Structures are given as structure tokens and as C-alpha cells.
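Let me begin by presenting the structure, written as C-alpha cells, before commenting on it.
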Amino acid sequence: MESSNQRNFIDKESIFGPDNYKPLPVVLSRAKGVWVWDVDGKKYLDMMSAYSAVSHGHSHPELLKVLHEQSSRLALTSRAFYTDTLGPYLEKITSVSKFDMALPMNSGAEAVETAIKAARRWAYRSKKIENNKAEIIVADGNFHGRTTTIISFSSDANSKDDFGPHTPGFVSVEYGSSKAIEEAINENTAAVLVEPIQGEGGIIVPPENWLPEVREICTKHGVLMILDEIQSGLGRTGKMFAFQHANIQPDGLILGKALGGGFMPVSCFLSSKEVMQWLNPGSHGSTFGGNPLAAAIGKRSLELLEEENLIENSRVLGDFFKNVLNSINSPVIKEVRGRGLWIGVVIDPNYISGKELSKLLLNEGILCKETHETVIRFAPPLVVTKAEIEWAVDVIKTVITRIETNHRS
């Protein structure tokens, strides 16, 4: 239960901001590594990582150093000028991902919009699709952001209701079905845009053969395969990119969240020269996209993933975490799924709602959040230790046992 001190801050947000979020009743004031403290000094283990944006842990000393040094030297110029940080950052991110070029933006949604524009222009100028007829195939249950165009192809009614007219040009098919994608392809298909694992959808992992089959289908039909790895990328699943589990290379890649090192919004769209060549002066841009501070942080965040073995830590501890969660023999837990340090625990709603379970775990010092009412997401910073995960599992077991006991009585 929140204190009167916390209540004051909660009330201010409620009074002066619209009710477009339903935060858990805790007011956070500082953080370090995997730990967060509220305004009353209570300590919590962060099992959310700001939806993978804090993969390096809070206030990573190396990234903090870059933030201080670069911001005191040069923070923002706009892309009207060259800077000494953007080129090295683009060189690093294209090298790591094996793409020709990267176009820097700020938020994940902006990077998705960039991918859509790039795919459409490529479709008209390279593939010669009839003007204004280009289509992009997406997946049911997707989440790519909340801009007007992106919500137009969302399956979530609340994201779309009374925000129309919706943007045309998208065809949604069953997630995880390569057959559905191939059947939806026609002469106007420009691209297939999907998440390799659906995060907001509930950490839904598709069949093992799905991505390789989609890659084959896109190649066969001359369609761009674009992957949204804003949440799944940069070590979250135990590989640098989730598509590497399938041993494929997409035609386009969307990154964000962890690129900013937990300090600021940094995102980008990566693709080939053939696709990027059509984005000429005036066709696309951003005042803040690729700013010197973002570029410096983005480059260092990529380097740290490798230098500190955070990707391997995600793989090893992710397997451990998933196994111990699977070993909890309780009817409250229906399923445990995910990859790396990105795990979804499906809860039986006959026992408790996801929101109520999140609140119970909050009271015990764990920050997590439900999605789709019955799935609890656990995604701690990649710097988490085995001992910290073991502590979390003990807490989760205790809470689950208490729920069972209360249900029986």
C-alpha cells in the first residue's frame, strides 16, 4: 500500500495528466543496476527494464560517463551538419548487424514509421508497384507502436477505436503461419513486417521453422522481410538479435529501446543500399534523430553488450530462470515461455488476475507488469546475477503458494 508521500505524487499525475496508463501504485525516485528505490526508500528488483530499454542496468557507469562527457561537449546540432559521433555509431551498428546502412531516429515507433516509408518507396521505385497500391503484410496480435499509421494495423481494438480514419495498405495474417503470409502475397506486396517474438502480445514464441520459411517466401516473391526487434534485439533473447536463432538475415531491421542505454530514446532502421538509396534529401528526417549525444550513447551501448558478455549472461541466466519457473508445480501457473531474459508466465485467471499478481509481487519487492491480463512479463536488466534471480524466484514461489492457499480456503 502506498504511503501518503507516494499518494501525493500519484495524485499529481492523475490530476495533471490524462489516464492513458495504469501504473502500479509505487513512486520510484532512484535506481542503480538492477535495483530501484521508491520515494520512501523501499528497494525493488526491476524485472521490467522499461520494456527492455534498461538492458544495461540503471545508470551504467560507462554510459553515464559518455552521457556526461558528450553532453558537456556537443549534444544537439540537427542533421543539417556532420558530427564526429554519428559516423562511428553508424559504422558500429551496421557492422554488428551486417546491414549496409542505418537511418537513426529516436523512438521505436519512429523507426517503424521509417521502415514503412522506406519499404513503400522501394516498392514503387525498385519493384515498380503501381503508385499508391503498395501493401505490407503484418501479423495478428502485433505491437509496433502507437502512432496513427501503426495503430491502423493493430489487432487491439482499444488502440484503434475512435482514432480513425485508419491508414490503408496493411494486411494482417495469423502470427507464426508462413502459409498465411504466402497466401496474402500479391503483385502489390512490398514487405512483410513482423516481430520475431511478440512481446506486448505476451512473449509469444513462434514455431522454430517460421522465420526461415518467411525468409524463403520473401526471397521467392521479391518481398522485403522486415523484423521489428525493438524489444527482442540487443541481447534480450540470448543472441544479439532474435533472428540469429533462426540463422537468417532479414532485409530490414528495426532497433530501439536498449540502444539508448537506459538514458534516452535512440532507435534506427537498418537495411541495404538498394532500399536506402531512395531516401533522398527532404524525403525523411528528424531534428533529434542521430544527434551527437544519442550517437555516442548508442555506440557505447553496443560495445558494452559485447565487452561485458551481457548477451551470454542473458542466454545462460535466461535458461536458468525459465527452468526454475517451470519447476514451480502450481495450478496458478499455466505456462512459462520466452527466450533469454525475456519470459512470460501465463496465469490461470481463476486464481488471480495478472494485475493483482503484479501488485502482490510489488509488495514483496519485485517490479513486473502484466500484459493481456493473464501474462506476467519478467525481463530484468541483462546485468542481473544468478543470486538475484534466485532471490526473485523464492519470492515468486512464496507469493504463488499464498495464492493457492487463499484459493483453497
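The values are calculated or read from the model by the stated rules, or taken from the named source; none is laboratory data. All of these numbers come straight from a predicted model, not from anything done at the bench. Ideal geometry is used to build each Cβ from the backbone, glycine not excepted, and the neighbour counts take in all protein chains shown.
For Asn106, the stated conditions do not hold, so it cannot be described as at pLDDT below 95 and under 20 Å from the mean Cα position of the chain (by Cα). The set of residues from region 166-214 being over 23 Å from Ile376 (Cα atoms) and buried (at least 21 other Cβ atoms within 10 Å of the Cβ) comprises Ser178, Ile181, Thr189, Ala190, Ala191, Val192, Leu193, Leu211, Val214. Against the conditions (1) in a helix (DSSP H, G or I); (2) out of contact with any Asp or Glu (no Cβ under 8 Å at 6 or more places or on another chain); (3) of a type in the set (S, T, N, Q), Thr149 satisfies every one except (2).
The requirement of being out of contact with any strand residue (DSSP E or B) (no Cβ under 7 Å at 6 or more places or on another chain), modelled with pLDDT of 95 or more, part of a loop (DSSP other than H, G, I, E, B) and of a type in the set (Asp, Glu) is fulfilled nowhere in region 344-352; no residue meets it.
Within region 372-409, the residues that satisfy the criterion of being among the small types (Gly, Ala, Ser) and part of a helix (DSSP H, G or I) are Ala387, Ala392. For region 228-235, the condition of being farther than 22 Å from Gly145 by Cα and either of a type in the set (Asp, Glu) or out of contact with any strand residue (DSSP E or B) (no Cβ under 7 Å at 6 or more places or on another chain) (or both) holds for none of the residues.
Working carefully through the options Lys239, Lys322, Lys299, find the one that is more than 18 Å from Val138 (Cα to Cα), charged (D, E, K, R) and touching a strand residue (DSSP E or B) at 6+ places or on another chain (Cβ under 9 Å). Step through it out loud before you land on a result.
Values: Lys239 fails: touching a strand residue (DSSP E or B) at 6+ places or on another chain (Cβ under 9 Å); Lys299 fails: touching a strand residue (DSSP E or B) at 6+ places or on another chain (Cβ under 9 Å).
Exactly one of Lys239, Lys322, Lys299 is more than 18 Å from Val138 (Cα to Cα), charged (D, E, K, R) and touching a strand residue (DSSP E or B) at 6+ places or on another chain (Cβ under 9 Å), namely Lys322.
The number of residues in region 187-206 being under 16 Å from Pro168 (Cα atoms) and of a type in the set (Asp, Glu) comes to 0. From the list Val34, Val27, Val39, the one residue that fits, being under 24 Å from Gly238 (Cα atoms) and touching a strand residue (DSSP E or B) at 6+ places or on another chain (Cβ under 7 Å), is Val34.
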